[in-house]
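For reference, the structure is listed below as structure tokens.
The values are calculated or read from the model by the stated rules, or taken from the named source; none is laboratory data. Quick caveat, the model's predicted, so the values are computed rather than measured. A quick note on method: Cβ atoms are made from the backbone with ideal geometry, for glycine too, and the neighbour counts reach across all protein chains shown. For accessibility, only protein heavy atoms count, side chains too; no ligands or nucleic acids. Shrake-Rupley method; radii C 1.70, N 1.55, O 1.52, S 1.80 Å.
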Amino acid sequence: MGKIKITPGSILVLAGRQRTDDEAGVLEIVDVLIEQVQTVGHFTGAQGLRVFGGPTDPISDMPVFILAKHHHLHEGEMHQVTYPPAALANNASIDFRLVIGNLIPTTRTPHITIELDTTGESWLYLYETPTTTANGTQLTAINKNRNQTAIAPNMTVWQAPTVTAVGTMLSAWISGSGEKSGGQSRESVEWDLAPNKVYLVRVTAKNANNVCLRFIWYEDLGV
């Protein structure tokens with residue numbers, strides 16, 4: 001059996017040979033043994049593809065994987081800020097100011113999802129680069145891995161800033177319907193917020209009801 005060695009930047013092509021019996025036309029992959037696969041990625045400074053083999057399930061012997069968010073939680077990179085249930089009057093709003101520091105775009109910047117629970121209809125907005133004249137009150141960010149509580153996020157969340165202009169609207173949601181129907185609103189795909197920018201999240205009640213808000217995000221530490 002022949003051997004091939006793959007070096008960085010090379011392309012592997014698995015060649016086949018034609019059967020010579022009555023089943024002509026069927027290709028077989030033969031005589032290939034990958035002795036070494038060396039790949040490149042982010043930390044080598046070059047583009048590449050890294051392929052890893054993991055553990056298998058003890059019953060089915062199928063590979064076992066976890067979601068990226070689950071992995072970030074294990075590494076202590078996932079955080080949450082909770083605005084606990086509170087009453088909001090009809091047409092009243094509550095604002096939250098999200099401040100991101102000088103982070104590496106996408107690699108380190110906050111990847112966030114927003115969850116809103118309501119007992120009646122409320123509208124949720126996400127804005128970029130609002131104008132504020134006061135920061136508001138900073139809320140406590142909780143590390144979702146309770147074994148990694150010393151790891152603090154870069155992004156900070158502030159409640160009730162003084163807003164003079166909301167900025168550019170990025171998205172909007174409706175939670176609940178009317179005065180007697182509550183609900184929950186969240187996006188399944190996270191937002192990757194930009195470094196050195198400020199964001200505004202606003203909840204506006206369309207009738208008197210109770211609201212609860214959760215900001216859940218991770219900042220990849222590169223480990």
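Some values worked out for this structure:
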| quantity | calculated |
| --- | --- |
| Contact order normalised by residue count of the range 94-177, Cα under 8 Å, 6+ apart, percent | 47 |
| Solvent accessible area, Å² - residue 93, 1.4 Å probe, full protein context | 60 |
| With every protein chain in place, the range 88-223: carbon and sulfur % of accessible area (1.4 Å) | 49 |
| Segment residue 138-residue 194, extension gain: residue separation times 0.36 nm, minus the distance between their alpha carbons | 18.2 nm |
| Residue 162/residue 89 FRET efficiency (R0 25 Å; Cβ-Cβ; nearest 0.05) | 0.85 |
| Vicinal HN-Hα couplings computed from phi for the range 67-81 (Karplus, 6.51 cos²θ - 1.76 cosθ + 1.60; Hz; Gly/Pro x) | 5, 4, 4, 5, 5, 5, 4, 4, 7, x, 9, 9, 10, 9, 10 |
| Cα→Cβ-extended label distance, 7 Å offset, between residue 107 and residue 61, nm | 4.0 |
| Charge context of residue 163, other residues only, Cβ under 12 angstrom, K/R +1, D/E -1 | +1 |
